[in-house]
Amino acid sequence: MQTDPAAILRIKNLKLYFPIGRKHGEPQYVKAVDDVSLDIAKGEIVGLVGESGSGKSTLAYAVAGMFQPTGGSILYEGRELGKKRGLDIKKSIQIVFQDPGSSLNPQHTIQQILELPLKIHQPQMTKQDRERRVKELLNMVELPDSYRFKSPASIGGGEKQMAAIARALATDPRLIILDEPTSALDVSIQAKIINMLLKLQQQNHLTYLFITHDLSLMRNIAGRVAILYLGKLDEVAPAEDFFRHPRHPYTQMLISSIPVISDEEEALKPARAESQGEIPSPVNLPPGCGFHQRCRQATGRCRSEDPVMRPVGEGHDVRCHLFDDGAGA
Amino acid sequence: MSSGEVNGEVNGERILDIRNLKLWYKVYKGYARVLNDVTLSVSRGEKVGLVGETGCGKTTTAKSILGIIPEHQYVVPEGEIYYKGKDILRMNAKELGQVRSGEISMIYQEPAAALNPVFTVGQQMMDVARYSSQGAGKNRKRHREMVLDAIRDVFIPDPERIFHFYPNQLSGGMKQRICIAMAIMTRRDLMIADEPGTALDVTIQAQVHKILNELVNRRHMALIMITHSLGVARELTDSIYVMYAGTVVESAPSAEIFRRPAHPYTIGLLAAAPRLSGGGIQSGIYGSIPDYGSPPPGCRFEPRCSRAGARCKAEAPSPREAEPGHQAACFNM
């Protein structure tokens, strides 16, 4: 894989294993994230796509510092993130969770929720300054000032998510991890939040790691897309190339499974990539490629040997034996 | 009235006919006026999509067809639900039981919640065979055959093994297939599927939809597909009813809705959906659904509508024909 000197975040061979007891004396692990390497450039929106159980949230939480990696490293602006993170790092990496209903404290007002990061990261701020900043944050996410005095329970789901985004913005972060921020919301609300996120990204020169299972959404926001399957990256490519020429059989299956609303989109679906099989349990994975049981093009080699990432085009990497000779088939 | 009097459709006999249905839930401060003039009809072999966002009354409509909302929780101030010419709302318990066990089946959104965790798949399905009006008495062997056939029909290999599984031993996609198997095990004329793929991953959802579609076609059943996704409705249905705040705002053959949407809500919904072909996401629809306790007196979409005028505030529009076979409830088309 190429390395990008402008990378704000560099994930190198990251592994996250969770012990789940022993079987026949052998310790068993769920390999939630297994040997993932990904660079994110400053000002970029990288989309991380995967089905449930693919390890996308675990990866996000590791970047946010909520899990300790089992192996590999995460570098932020060239500095390795160790066990203890300084306040300055915590300040610049923020996360927005999927369900705003449970990520906002129901006992606090929006004012208190937005004030907390300010109290921690800018203790010198006076009460008046904080109040001004809270109003400013609410303005950024297009909520009226009066919402300061409301509790999360009294506002709608979309508005709650906007408040959660405002909280993430409170510390002036440079990297924001968005873990399915709109998947609990209706499309009409989603459109509004996504457009706001894109505007904020431009205005504040933010970098987003955007996690979702919705590829249509990804197409419209991400500059680069990474596909995660059973804890491993299968394909990384610039969004345009990714949707025009998906290479990995799993990516093709994913794209062809999406229900779409126009013939123009229908034409983008790869033919002969109909969905079959199910995602296997991440415990005791079969040897070889994790996808071989569902793959129409699997060969004997796929059953015994796990492929490695190889470049097949400009910034386009695929982990599949079909591309081992370097040919961009 | 008999179903024969209704004007003939391409697919023949009209089996379900909901007319101006209003359904209010009893809440502590009076009534939540949820369903407001739902008119919908389904013919034999027809696949109908009921599309709308959270809280628009899709599931309430489905439940009212089966009569499974507890009686003390609601009132129906107006409207009829004719099933094969008989009004479901005025059926007695025995007739209603007949409809539920022999005429209409339903698949729910959450397969994990629809299956009983303490009985095996086989035990639960045997129950359905026994109590359905077509179970043919106490012949256990015959019931077992029906169950195994149904499991085979949803493309699960090795039905004998699955028969002895508990639901928690199955993946989400498998559970949903079992629910479909239960719904098609005995002959039914109408299937109601309430977001059957929403809780599943997109690749599994595609498989479930394919199975459902094949079975409904093969058995010539009518299907009501409830979904929040216009894409799902486009793939699976012949005609689409778009619901907003308890009202059917637009209804048309599926292709028409996408080619020439007429109601501002449908247009907004289509604009807000992210496209696989890119091009960014257009603006969404501002605001949220009205409070059902005191809904707007006029058009229920008026507070969020960009085209709304004075008339929309005062008067509720009734469905008008935008084109032949394409109706929308809006004054400003």
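Would the range B:267-280 turn up any residue that is farther than 20 Å from A:E159 by Cβ and more than 10 Å from chain A (Cβ to nearest Cβ)? There is at least one residue in the range B:267-280 that is farther than 20 Å from A:E159 by Cβ and more than 10 Å from chain A (Cβ to nearest Cβ). The residues listed here are A:H248, A:H292, A:H321, A:H316; of these, the one that is open to solvent by less than 40 Å² (accessible area, probe 1.4 Å), under 23 Å from A:N220 (Cβ atoms), touching a Cys at 6+ places or on another chain (Cβ under 6 Å) and not hydroxyl-bearing (S, T, Y) is A:H248. When A:A191, A:A170, A:A184 are checked against the criterion of being within 14 Å of another protein chain (Cβ to nearest Cβ) and open to solvent by less than 10 Å² (accessible area, probe 1.4 Å), A:A191 stands alone in meeting it. Screening A:P287, A:P311, A:P282 for residues that are in contact with an Asp or Glu (Cβ under 6 Å, 6 or more places away or on another chain) and open to solvent by 30 Å² or more (accessible area, probe 1.4 Å) leaves exactly one candidate, A:P311.
For the range A:228-250, the set of residues classified as part of a strand (DSSP E or B) and within 11 Å of chain B (Cβ to nearest Cβ) consists of A:Y229 only. If the condition is being within 8 Å of chain B (Cβ to nearest Cβ) and either in contact with a His (Cβ under 9 Å, 6 or more places away or on another chain) or not in a loop (DSSP other than H, G, I, E, B) (or both), then the range A:251-299 contributes A:M253, A:L254, A:I255, A:S256, A:S257, A:P259, A:E264, A:E265. Residues in the range B:309-333 that are part of a loop (DSSP other than H, G, I, E, B) and free of Cβ contacts under 8 Å to residues at least 40 places away in the same chain were compared, and the one that is surrounded by the most Cβ atoms within 10 Å (Cβ to Cβ) is B:P317. The condition (being farther than 30 Å from B:P261 by Cβ, free of Cβ contacts under 8 Å to residues at least 40 places away in the same chain and open to solvent by 50 Å² or more (accessible area, probe 1.4 Å)) is satisfied by just one residue among B:K86, B:K26, B:K63: B:K86. Restricting attention to the range A:10-56, the residues being at pLDDT below 90, under 14 Å from the mean Cα position of the chain (by Cα) and open to solvent by 30 Å² or more (accessible area, probe 1.4 Å) number 2. A single member of B:T186, B:T198 is open to solvent by less than 10 Å² (accessible area, probe 1.4 Å) and out of contact with any Phe, Trp or Tyr (no Cβ under 7 Å at 6 or more places or on another chain), and it is B:T186. Here B:E250 clears all of (1) in contact (Cβ under 8 Å) with a residue 24 or more places away in the chain; (2) among the acidic types (D, E); (3) open to solvent by 10 Å² or more (accessible area, probe 1.4 Å) except the condition numbered (3). All conditions but one from (1) within 13 Å of chain B (Cβ to nearest Cβ); (2) surrounded by fewer than 24 Cβ atoms within 10 Å (Cβ to Cβ); (3) modelled with pLDDT of 95 or more apply to A:T207; the one that does not is (1).
The values are calculated or read from the model by the stated rules, or taken from the named source; none is laboratory data. Note that the structure is a prediction, hence the values are computed from the model and not measured. In this analysis, Cβ positions are derived from the backbone assuming ideal geometry, glycine residues included, and neighbour counts consider all displayed protein chains. Just so you know, the surface numbers come from the protein's heavy atoms only, side chains and all, with ligands and any DNA or RNA stripped out. Shrake-Rupley method; radii C 1.70, N 1.55, O 1.52, S 1.80 Å.
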